[in-house]
1. Please list the non-local residues whose amide H lies under 5 Å from the amide H of Lys102, H modeled 1.01 Å from N, same-chain partners needing a gap of 5 or more.
2. Carbon and sulfur atoms: what percent of the 1.4 Å accessible area of segment 126-192 do they account for?
3. Within 13 Å, Cβ to Cβ, of Lys123, how many net charges do the neighbouring residues add up to if Lys/Arg are +1 and Asp/Glu are -1?
4. Just the number please: accessible area per residue for segment 137-209, 1.4 Å probe, all protein chains included, in Å².
5. If we count every other residue with Cβ under 11 angstrom of Ile189's Cβ, Lys/Arg +1 and Asp/Glu -1, where does the sum land?
6. Name the long-range amide H neighbours of Tyr196: under 5 Å, sequence gap of 5 or more, or other chain; modelled H, no Pro or chain starts.
Amino acid sequence: MKKSLIAIAAVVMVSLAGSATVSAQSGLGGLLKNITGNSTVKNVLESVTGISLNTSIVGNWDFKGSAIALTSEDMTANLAASAASNTVAAQIDPYLEKIGIKPGAFKMVFAADSSFAVAYGDKIYSGTYTINGSDINMVFAKGVKLPKISGTASVTNDDLKILFKANSLLKFLKKLTALSSSNQSIAAINTVIKNYSGMKLGFDMGKIK
């Protein structure tokens with residue numbers, strides 16, 4: 001830990017030395033912007049700390065596939081659950097595609113002013129969101145007949161994973177699709193998740209640049 005702190009301090013000093021001046025008025029925000037704006041410094045910091053510095057949910061995101069979380073208090077079981085997540089995703093993704101949740105057809109936009117929009121097919125649903133740590137709450141605008149949905153969000157570089165309790169997400173999908181033809185696919189997804197207690201299901205989104 002001590003070596004990590006020394007390495008970070010050294011990186012900061014190198015960054016500051018490479019700048020002409022750091023205004024006292026810029027404060028900590030300006031300093032961090034100066035440091036993380038340097039790609040070399042940023043990469044070293046991420047390597048030393050193990051923490052990604054690109055953690056903002058703000059941006060335009062396109063659906064890549066389902067996000068799955070199977071957890072257990074037992075570490076060995078968690079390793080098995082992690083491996084099983086890919087298998088579960090492979091089972092669920094085809095059903096999501098049948099109801100229109102697929103790359104290019106399902107997008108999310110999160111703005112810095114806490115507003116968001118979900119683009120599904122040719123429809124757009126807007127609302128507001130709040131984030132507290134990794135917890136995210138999404139409330140749709142008045143008049144939009146979609147339920148409030150809460151879960152967790154994590155960003156790693158250009159990848160956003162939003163996870164919800166599986167049953168809550170299925171209720172949301174039923175309202176979103178609102179098509180009798182989607183019932184069979186949602187029922188099939190429900191059959192899959194029943195095999196996993198405490199499963200979380202959501203969206204793996206890639207940043208649109």
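1. Hits under the 5 Å cutoff: none.
2. Percent of accessible area from carbon and sulfur atoms in segment 126-192: 51.
3. Net local charge, Lys123 excluded: +2.
4. 55
5. +2
6. Residues meeting the criterion, in which the H sits 1.01 Å from N, do not exist here.
The values are calculated or read from the model by the stated rules, or taken from the named source; none is laboratory data. Predicted model only: the values in this text are computed from it and were never measured. So basically every Cβ, Gly included, is an ideal-geometry build from the backbone, and we count neighbours across all protein chains shown. Note: areas computed on protein heavy atoms with side chains; ligands, DNA, RNA excluded. Shrake-Rupley method; radii C 1.70, N 1.55, O 1.52, S 1.80 Å.
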